[in-house]
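What follows is a set of notes on a single structure, which appears directly below.
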Amino acid sequence: MEEDNRRPFVTGVVVLAVLVVLIGGFVIWRHDPKAELTVTSIPNDLTLTLDGQPIAANGKVEVRPGTHTLTGSRDGFQSYTRTITVRDDDPVSVKMYLYANGPIGYEWGKNNPEQERETEAEAGRRYDEIQQRLAQKYPILAQLPYVGPGFKATYEGSKSDPDNPEAISVRIVTWTATGKDKALLWITGNGWDPATLDIIYATK
């Protein structure tokens, strides 16, 4: 008899537990925002992955907030990887344009002139954006090249960080015994800290 009385109680506890799990899951699901990621790719048949998982080269996909990695690849083209940051449910648009680095890619460009022109235009936009960021990061660029007493200052791709397109090395070429000292005086005189610059010294 006592066992019969316990059965409704046990059943009620089980039902309550199931309801708590369902309601809790629903609340979590409702508070799990997703953003819409729109991707435009050239070539339009490249292989595209998002965090290692294949997605359509062109179109829209839902992504959770956070940092994600997009990688595009295709035979005849240089692969390209970029990191995107998604905030809450704000939509994100990304262009994945690859550049030909072999006969197959060059032939593709000849057969797809419109996409080739768009790729070249995007390359110009990327170059301008990089130059703007470099100018902000390295104020010394506004004065380069510069010829001073016994030295010449120019810049080139970073020797310490060669894979970073937004890092530079300042190249100081001297031809007098005091050229290096004069160059450092010129740098500090303009308010730049030599310790923050990747400086390469050379002699004529």
Counting only C-alpha contacts under 8 Å and six or more residues apart, can you give the relative contact order of the range 30-184 as a whole percent?
16 percent
HN-Hα couplings for the range 150-166 via Karplus (6.51, -1.76, 1.60; θ = phi - 60°), in whole Hz with x for Gly/Pro, come out as x, 7, 9, 10, 9, 9, 8, x, 4, 7, 7, 9, x, 8, 9, x, 10
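Could you work out what % of the accessible surface of the range 113-204 is carbon and sulfur, using a 1.4 angstrom probe and leaving DNA, RNA and ligands out of the count?
Working: 2950 of 5790 Å².
Carbon-and-sulfur percentage of accessible area, whole number: 51.
Considering only the other residues whose Cβ falls under 14 Å of the Cβ of THR176, what net charge follows from Lys and Arg at +1 and Asp and Glu at -1? Kindly include the intermediate steps, with their values, before the conclusion.
Numbers: positive: LYS152, LYS180, LYS182, LYS204; negative: ASP181.
Once all neighbours under 14 Å are counted, the net charge is +3.
Sorted by average packing, counted as other Cβ atoms within 10 angstrom per residue and highest first, what order do 118-128, 98-108 take?
Values: 118-128: 12.7, 98-108: 14.8.
The peptides rank, most packed first, as 98-108, 118-128.
Counting only other residues whose beta carbon sits under 10 Å from that of VAL61, what net charge do I get with K and R as +1, D and E as -1?
Details: positive: LYS34, LYS60; negative: GLU36, GLU62.
Around VAL61, the charge tally is 0.
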Counting Lys and Arg as +1 and Asp and Glu as -1 over every other residue whose Cβ sits under 15 Å from the Cβ of TYR106, the net charge comes to -1
Run the reach check for LYS180 against lysines, Cα to Cα strictly under 21 Å, same-chain hits fewer than 8 apart removed. What comes back?
LYS152, LYS159, LYS204
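The values are calculated or read from the model by the stated rules, or taken from the named source; none is laboratory data. This structure is a prediction, so every number in the text was calculated from the model and none was measured. Note that each Cβ is placed from the backbone with ideal geometry, even for glycine, and that neighbours are counted across all protein chains shown. Calculation scope for accessible area: heavy atoms of the full protein, side chains included, ligands and nucleic acids excluded. Shrake-Rupley method; radii C 1.70, N 1.55, O 1.52, S 1.80 Å.
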